[in-house]
Each structure stands twice: as structure tokens, then as C-alpha cells.
1. Look at segment 82-124 and say how many of its residues are of a type in the set (A, V, I, L, M) and in contact with a Ser or Thr (Cβ under 6 Å, 6 or more places away or on another chain).
2. Sort through 324, 355 and tell me the only one that's at pLDDT 90 or above, over 14 Å from residue 297 (Cβ atoms) and of a type in the set (S, T, N, Q).
3. Any chance you could count how many residues in segment 243-257 are more than 15 Å from the chain's Cα centre (by Cα) and either more than 23 Å from residue 202 (Cα to Cα) or in a strand (DSSP E or B) (or both)?
4. Please verify whether residue 351 is within 23 Å of residue 39 (Cβ to Cβ) and buried (at least 16 other Cβ atoms within 10 Å of the Cβ), treating the condition exactly as stated.
5. Being among the β-branched types (Val, Ile, Thr) and without any contact (Cβ under 8 Å) to a residue 60 or more places away in the chain is the filter; apply it to segment 322-338 and report the residue that is nearest to residue 358 (Cα to Cα).
6. Condition test on residue 193, is it at pLDDT 95 or above and closer than 30 Å to residue 64 by Cβ?
7. Exactly one of these conditions fails for residue 43: (1) in a strand (DSSP E or B); (2) open to solvent by less than 70 Å² (accessible area, probe 1.4 Å); (3) farther than 16 Å from residue 178 by Cβ. Give me its number.
8. Only one of (1) within 27 Å of residue 56 (Cβ to Cβ); (2) assigned to a loop (DSSP other than H, G, I, E, B) fails for residue 237. Which number is that?
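The values are calculated or read from the model by the stated rules, or taken from the named source; none is laboratory data. Computed from a prediction, not measured in an experiment: that's the story for all the values here. Cβ placement follows ideal geometry from the backbone for every residue including glycine, while neighbour counts extend to all protein chains displayed. Heads up: the accessible areas ignore ligands, DNA and RNA and are worked out on the full protein's heavy atoms, side chains in. Shrake-Rupley method; radii C 1.70, N 1.55, O 1.52, S 1.80 Å.
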Amino acid sequence: MKIKNCIMFSVLAAIVSSCGSGSRPSFGDNEYPVETVSTKSAAMQSTYPATIKGVQDVEIRPKVSGFITQVCVKEGQAVSAGQLLFVIDNATYQAQVRQAQAAVNTAKAQLNTAKLTYENNKQLFEKQIIGQFELSTAENSYQTAQASLAQAQAALASAQETLSYCYVKSPAAGVVGSLPFKVGALVSASNAQPLTTVSNISSMEVYFSMTEKDILEMTKASGSAQAAIGAMPTVKLQLADGTIYPHPGTVTKMSGVIDPATGSVQMIAVFQNPEQLLKSGGSGAVVVPHEAANSVIIAQSCVTEVQDKKFVYTLGKDNKVKYTEITVAPQNDGVNYIVTSGLQVGDRYVTNGITKLSDGMEIVPITPAKYQQKISEQAKAMTAGDIVNEMKK
């Protein structure tokens, strides 16, 4: 018996709650709740899905091929610029450095010999013991030896630089990401996956998108895109668990290109991250507040939408409803609209049961409080059979 009563109560509650949207209970007296338009102030807000990234996310990739011999950091570790992250097997590259060094030593010896020969031939030429040909030949040999030394030194520098690539260092300060490669793994510059990612998370960039229509309206109102960004209020970040991040953010950038697939423009807001609560790659939602002062604000449940146009049922002096088009501000909080045209202070409009209305229909206006009272009275008077009949409709 208790289970049956609970089921009936749940069904009854569902029927009563549905009356707050487009449908209405059957009072039998053609009564509808009506409100009079007035101006008021409200704090509105718009929410946009967002992706969180570090201000600087650097993928660490090897420049040489080889087996990893050391992993010098751990996941999540804070590192400084220039800190050693990985060591790649460098025996082959050390041998190349020694070979290049030997070539430099040989080139130096040959240069010394060519220099002595040239200087000696120069003295002999001055004493007219040898001719110009012998002097020119010695000079050319000396210049060739100089070029050979420069070439050997360049090869040594290249070998040393290649050897340095075996010691993979962080190019920037930040936090180490995942480490998919362990000691003994063979890596190369052609690997699709990086060794790791170093993210600077002292502050975070949060990416979100606004519609092209919203951006156009903001830009026209401010005069330019940069002015529109500067006029945007401080924003909040709703985290994945639904809580609000304690530090506010500032919108700093707007993409100059509209995504043709979505018709949206990418925006970037910067949030400070002193506690390192935000992680690169996370998700959330950017909350943009809007202050609506002395505005006409109505519930979205009062409005019907047809082909991107919005309508309400206004009530004339003869108590006949009129299907009236309105325009609303692009920003809303998902519950209310700010009406920019179509309604004026003093106009009356129907707040509930709009799906059963038609243009020109005559109704009996009552207050929303009286409407809710009638709903409660009817709900108490409903029998089990009434509930079943309502569920069949």
C-alpha cells in the first residue's frame, strides 16, 4: 500500500510540476496567469564550455635516435629552464666527437707545416733563390691548410652539438606531463609521440567560443574588436566538479578567424594559478556576467520560438491574447530573457499555459499567485482515475 501511495504521489508531483512550463491544468474556466511588464535589475550570466591550457605547453622531442639510458624527472615535477630531463645512449656520438677532434688535430699539424713552408719560401723568394711559381704554390698550400682546419673545426662543432642532443633539457620552466617512454625505449625524431610535455602553469589560458552574432553585436557596440575585449567584464571559471574557481579571469584575446564549421569565434581568458589547481588539458566552463539595469526581464518559459523568432502572448484591454514578436539580448542565463523590443512597461503577458493559447483567444486573467493556488487545489482534489487520465494525455 505504501509503494502504491508513493507511486501516485510521484506521478501527481510530475503533473503539477509540468504546469510551470508550457502546459496548464484544466480549470474549466479559461483562466490564465497574467503579469504586467515592469523594469527591474538583474545579474545575468552566460556560460560557455571551455578548455584549459598552460600559457606555454612545450612538447619535448628527441633530435637524435637512440635508447633512453636515464629518465631524470618524474611526472608532475616542476622543472626549470635548462634542467636535464632525459639522457639518450651517446657512445656512438662520443666516438664521432673524438674522430672529429682527431681530424682537427691533423688539420692543425698540416697548417703548421704549410705555414712554415710558405714563410721559408717567402724568404727564399726575397733572396731571389726561388721564383714566383714556388712562392705561389706554397701560399696556396697554406691557404688550403687553413680551409681544411676550418672545415675540420666545423665538423667537430657539429659532432659536439649532436652529442649534446643526447642530453634532452627543458627549454622552459614548467611542470612535467606524462612520461610514456621509459629507460631502454628506442626513440627518434620521427616518433609521433613526444617524450613528454612541459607546461608553464603559473597562469592558464582558458579557451572558449562565442557565436559570430554575439561577437558582431559586441564589436558594433564598442567600435572595434579590441575595444570589445577591453569592455568585457571579469569572468569566472566553473570547474569540472561544478565549483567556481576562486581566482577571476580576464579575456585577453579573440581569434581573427570565424570557424566555418561552427560559426563561432575562439576567445581566450587568462586565469592566475598560484595553487596549481588548474591543469593543462582540463575542461570547465567560462561564466560571463551581465548586469541588466532597468530592463524588461521575462522568464524563458513564457516565450515560444519559431524559426529563430521569439513570441509571447500579450493581453489587450478586451482580454484577448495577441501573438507578439519580441527581440531579446543575445546573452542570457538559461532561465530569463532581457527583452530589447516588443514589450513595453505596462503591457500584460501570459506567463503559463501558452501551448494551449491561440491568437485572438479570449481568456480570464488571474494573478500568478492565484494560478498556483488553483493548481494546488486541483492537485489535492484529483483522484487516482484523474491521474491515470492525465498520464494518457
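1. Here is the first cut: in segment 82-124, the ones of a type in the set (A, V, I, L, M) are 84-85, 87-88, 91, 95, 97, 100, 102-104, 107, 109, 111, 114, 116, 124.
Among the residues that remain, those that are also in contact with a Ser or Thr (Cβ under 6 Å, 6 or more places away or on another chain) are: 85, 87, 107, 114.
Going through segment 82-124 one residue at a time, the tally reaches 4.
2. Values: 355 fails: at pLDDT 90 or above.
Just a single option satisfies the conditions, and that option is 324.
3. Residues flagged as more than 15 Å from the chain's Cα centre (by Cα) and either more than 23 Å from residue 202 (Cα to Cα) or in a strand (DSSP E or B) (or both) within segment 243-257 amount to 3.
4. The answer is yes for residue 351.
5. Top of the filtered list is 324.
6. Considered against the rule, which asks whether it is at pLDDT 95 or above and closer than 30 Å to residue 64 by Cβ, residue 193 comes out as no.
7. (2)
8. Of everything listed in (1) within 27 Å of residue 56 (Cβ to Cβ); (2) assigned to a loop (DSSP other than H, G, I, E, B), residue 237 misses just condition (2).
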